[in-house]
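One structure below.
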Amino acid sequence: MNFPIIAPSVLSADFANLGRDVEMINNSEADWFHVDVMDGVFVPNISFGFPIIKSIQKLAKKPLDVHLMIVQPERYIKDFKEVGAEILSVHYEACTHLHRTIGAIKEEGMKAGVAINPHTPIHLLKDIIKDIDLVCMMSVNPGFGGQKFIEQTYTKCADLKALILASGSNCLIEIDGGVNEHTGPKLLASGADVLVAGNYVFASKDPVITIASLKKLGSDTSNPS
């Protein structure tokens with residue numbers, strides 16, 4: 001896998017032309033499909049459920065990276081496996097028994113991720129970091145697309161990278177929210193591995209070129225602007 005991993009967020013796709021947008025991602029340099037699932041309880045918004053995800057999976061030629069912004073996510077682990085999730089991330093703030101939930105995700109053959117809200121401290125992941133494949137770090141408050149990037153994310157990302165290295169974990173750092181040509185290089189320089197981009201990709205005149213530009217950011221992060 002060439003880094004950074006680019007994961008366009010299909011929450012920002014045109015749902016009247018979802019098949020077209022899925023094919024666009026298939027034909028681009030993107031690596032994953034990022035799928036946000038919201039229940040209107042954990043976050044103040046509702047997104048798509050199992051039928052839509054299954055429809056995406058039937059067309060997708062790349063892994064589905066599913067981000068659950070829902071309460072009691074452990075109830076649906078098998079269901080998300082059945083509709084094609086290859087990576088499943090649950091929120092730290094939504095899981096009473098996080099270690100058990102991570103184990104259940106892995107038992108279904110999926111990679112397991114933990115998502116954290118912007119003001120959830122990194123040190124809370126210390127006891128789980130070696131057991132997970134991904135940390136999805138929210139750089140905006142979850143629930144809506146198009147929000148302003150939270151600048152503290154750079155420092156937080158660097159702190160998370162230090163924790164990963166100190167623990168000997170192989171966990172990837174995914175940044176979700178406000179990713180663009182300005183924030184991307186700084187995030188990669190801070191240790192990010194995966195960039196989720198929604199509005200930045202789908203609102204551009206040429207999404208394929210925009211995805212390619214994000215992919216190229218990994219070629220030089222030594223002097224971020």
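When both bridge partners sit in the chain, DSSP labels roughly 5% of those beta bridges antiparallel. Full extension of the chain between residue 62 and residue 152 gives 29.3 nm of extra length, using 0.36 nm per residue less the Cα-Cα distance. Over what distance in Å are the Cα centres of the stretch 71-107 and the stretch 1-30 separated? Centre-to-centre (Cα) distance: 23 Å. Taking 69, 137, 24 in turn, the Gaussian network model of the chain (Cα-Cα springs below 10 Å) assigns the largest fluctuation to 24. In terms of its C-alpha gyration tensor, the stretch 62-212 has an oblate overall shape, because the principal axis ratio a/c (a ≥ b ≥ c, square roots of the eigenvalues) is not below 1.5 and a/b does not outweigh b/c.
The stretch 123-143 and the stretch 191-220 have Cα centres separated by 22 Å. When only the Cβ of Lys, Arg, Asp and Glu is charged (+1, +1, -1, -1), the dipole of the chain relative to its Cα centre reaches about 100 debye. Taking a straight Cα-Cα cut-off under 13 Å and skipping sequence neighbours fewer than 8 places away in the same chain, the aspartates and glutamates within cross-link reach of residue 106 are 74, 86, 131, 133.
With 26 Å as the limit, the listed pairs 81/156; 81/205; 61/126; 58/78 have 81/156; 81/205; 61/126 beyond it between alpha carbons. The relative contact order of the chain, computed from alpha carbon pairs under 8 Å that lie at least 6 residues apart in sequence, is 22 percent.
Two numbers describe the Cα atoms of the stretch 134-225: Rg and Dmax, which are 13.0, 42 Å.
Note on the chain: GNM, Cα springs under 10 Å; of 125, 88, 214, the largest mean-square fluctuation is that of 125. Taking a straight line from the alpha carbon of residue 186, these aspartates and glutamates sit under 18 Å away, with near neighbours fewer than eight places off in the same chain left out: 151, 159, 174, 176, 220.
All of the numbers you see were taken from the coordinates with simple rules; none came from a lab. Remember, it's a predicted structure, so these values are computed and weren't measured experimentally. Reconstructed Cβ throughout: ideal geometry from the backbone, glycine too, with neighbour counts over all protein chains shown.
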